[in-house]
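For reference, the structure discussed in these notes is given below.
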Amino acid sequence: MNGLTKGRSAVIIGAGQTGRGFVARMVASSDYRISFVDTSAEVVRRINEDGAYTIHYYNRERPPVRITEVGACLAGTGDATKAVAEADLVFTAIGESNLPSLAELLAQARLRRQESGSDGPLAIITCENGTAPARVLREALQTGFPEEARGIVVSESAIFCTTVNLPGTRLDILSEDYPELPYDGEALPGELGIPCLVPAERFPTLLRRKIYTYNCISACITYLGAFKDYKIYAEAANDPDVSGLLERLAEPLNRAISRTLGFDLEDQRRFSQRAVAKFSDYGIVDYVDKNARDVARKLGPDDRLIAPARMIMDTGGDPSVLTLTIAAALHYARRERESAAGGAAAAAFDPSAVLTGWSGLPADHPLVLRAIRHYADLERIGRGRDADWTPLTKGDDNGNLSGYGQPGGN
């Protein structure tokens, strides 16, 4: 570890693009010294060798931020446990599905704090793109380490900032100029001493709103764009077929979120418009494949596609844009399997079985039936930007996407 001079200690578990590029920038606005814990020996080595790196902004008018006096520990080592045990504040940025793997580390760190005479709780803020990361981590702790869990406080935050690794550098990040990190202040009350961290009310509901709006719209751009062979994210967002589908999705999605989660409809419309404007901005560099990873999680029952599609159905709207996106996501999953295991794996790919397994929906659920119909529609259209999407985007007399099958219905 490098010689560190600042006062309080913050540990960021996960030194990837979010942890290194956004969370560290938020923490660096304070007097906390920053340490990372990561599973990559190469990333840990680079951080400890360099001791610093730079965050550059898409908006070149803002000067870069230099993150200095940083060190790192390899996950699973005694050094990692010691760093977490001694931290005043711990952040996670490893993905919601990976949070249960932290339970043992956090329990060991809490036990070590207790043995050293520290009575204060171990405070954690999750920084994940998931609908309930704090609950996921709490449940893992309570299941495996119920005694230690009593001394661990878990809050959660909402990530709105886009970050990517800066090509040609060892650690540098290219980042959107997003100024703050909202978090659940009710779960973690008190002054944290980090100006960029902003406590928010009704945070679990706010986080669901964010996932079902921002991440939902992002998934539409990602998987529809991937089927059209786009690599650059903003190019996919500005494709006429994709942007037209986003316009069709906006009203039923906004009404469903407004009615289900209790947000003012006009405010929700503005919220979703900001998401589309951000994702369509050519100045924010991002990549389709980066956003397409982990299809199984993104087709989970409470995640960004299935949950809002069900909300739209429950409020009388048309979920066709989302069932088309689900179909495109299944095509992406099929191509991933083909790439990993060859054509035989792709030939054995059963989209209905895959979707029901990931979503938890029965095979005869209307969303599954629509998605499988759209899966076949996409097969007929074929991949690429020059394919004719008219049969899918024209809609029927009720505004539903009709595709090649019967309009409306299931």
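The values are calculated or read from the model by the stated rules, or taken from the named source; none is laboratory data. Source: prediction; values computed, not measured. Ideal geometry is used to build each Cβ from the backbone, glycine not excepted, and the neighbour counts take in all protein chains shown. Protein only, heavy atoms only, side chains kept; ligands, DNA and RNA dropped before computing areas. Shrake-Rupley method; radii C 1.70, N 1.55, O 1.52, S 1.80 Å.
Yes or no: PRO63 open to solvent by 10 Å² or more (accessible area, probe 1.4 Å), free of Cβ contacts under 8 Å to residues at least 40 places away in the same chain and not hydroxyl-bearing (Ser, Thr, Tyr)?
On the way: open to solvent by 10 Å² or more (accessible area, probe 1.4 Å): yes; free of Cβ contacts under 8 Å to residues at least 40 places away in the same chain: yes; not hydroxyl-bearing (Ser, Thr, Tyr): yes.
Judged against the criteria, PRO63 is a match.
Given the criterion at pLDDT below 95 and more than 25 Å from ILE232 (Cβ to Cβ), identify the matching residue among PRO146, PRO121. Spell out the reasoning first.
Values: PRO146 fails: at pLDDT below 95.
Being at pLDDT below 95 and more than 25 Å from ILE232 (Cβ to Cβ) holds for just one of PRO146, PRO121, which is PRO121.
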message: For segment 112-132, give me each residue that is touching a residue at least 60 places away in the same chain (Cβ under 8 Å) and under 30 Å from TYR287 (Cα atoms).
response: ILE125, CYS127, ASN129, GLY130, THR131, ALA132
- prompt: Filter segment 49-60 for residues that are over 14 Å from ARG20 (Cβ atoms) and not in a strand (DSSP E or B); which is most open to solvent (accessible area, probe 1.4 Å)?
  reply: ARG60
task: Being touching a Lys or Arg at 6+ places or on another chain (Cβ under 8 Å) and open to solvent by less than 20 Å² (accessible area, probe 1.4 Å) is the filter here, so list the residues in segment 183-217 that pass it.
output: ILE211, TYR212, ASN215, CYS216
message: Of all residues being within 20 Å of the chain's Cα centre (by Cα) and among the aliphatic types (A, V, I, L, M) in segment 263-286, which is least open to solvent (accessible area, probe 1.4 Å)? Just the residue, please.
response: ALA275
Pick from segment 304-359, criterion at pLDDT 95 or above and aromatic (Phe, Trp, Tyr), ranking: least open to solvent (accessible area, probe 1.4 Å): TYR332
- request: For segment 28-48, indicate whether the set of residues that are open to solvent by less than 50 Å² (accessible area, probe 1.4 Å) and closer than 15 Å to GLU176 by Cβ is non-empty.
  value: no
- request: Hey, can you tell me all the residues within segment 188-244 that are farther than 20 Å from GLY130 by Cβ, of a type in the set (A, V, I, L, M) and touching a residue at least 24 places away in the same chain (Cβ under 8 Å)?
  value: LEU192, ILE194, LEU224, ALA226, ILE232, ALA234, ALA236, ALA237
task: Please enumerate the residues belonging to segment 358-376 that are closer than 14 Å to ALA329 by Cα and not hydrophobic (A, V, I, L, M, F, W, C).
output: SER359, ARG370, ARG373, HIS374, TYR375
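Would you mention how many residues in segment 148-172 are in a loop (DSSP other than H, G, I, E, B) and free of Cβ contacts under 8 Å to residues at least 40 places away in the same chain? Even if it seems obvious, please write down each step before you answer.
Initial filter on segment 148-172 (in a loop (DSSP other than H, G, I, E, B)): 150-151, 158-162, 166-172.
Keeping just the survivors that are free of Cβ contacts under 8 Å to residues at least 40 places away in the same chain gives 150, 167-168.
Of the residues in that region, 3 qualify.
What do you reckon, is THR131 part of a loop (DSSP other than H, G, I, E, B) and either open to solvent by less than 40 Å² (accessible area, probe 1.4 Å) or in contact with a helix residue (DSSP H, G or I) (Cβ under 7 Å, 6 or more places away or on another chain) (or both)? I'd like the intermediate steps shown before the answer.
Details: part of a loop (DSSP other than H, G, I, E, B): yes; either open to solvent by less than 40 Å² (accessible area, probe 1.4 Å) or in contact with a helix residue (DSSP H, G or I) (Cβ under 7 Å, 6 or more places away or on another chain) (or both): yes.
It is true that THR131 is part of a loop (DSSP other than H, G, I, E, B) and either open to solvent by less than 40 Å² (accessible area, probe 1.4 Å) or in contact with a helix residue (DSSP H, G or I) (Cβ under 7 Å, 6 or more places away or on another chain) (or both).
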Criterion violated by GLY76 - all others in (1) out of contact with any helix residue (DSSP H, G or I) (no Cβ under 7 Å at 6 or more places or on another chain); (2) open to solvent by less than 40 Å² (accessible area, probe 1.4 Å) satisfied: (2)
- request: Return yes or no: is SER97 in a helix (DSSP H, G or I), open to solvent by 40 Å² or more (accessible area, probe 1.4 Å), without any contact (Cβ under 8 Å) to a residue 60 or more places away in the chain and over 24 Å from PRO189 (Cα atoms)?
  value: no
field: Long-range neighbours under 8 Å by Cβ, at least six apart or interchain, first residue over 16 Å from HIS331 (Cα atoms) within segment 280-302, second outside any loop (DSSP other than H, G, I, E, B) and among the charged types (D, E, K, R)
entry: TYR282/GLU235; ILE284/LYS278
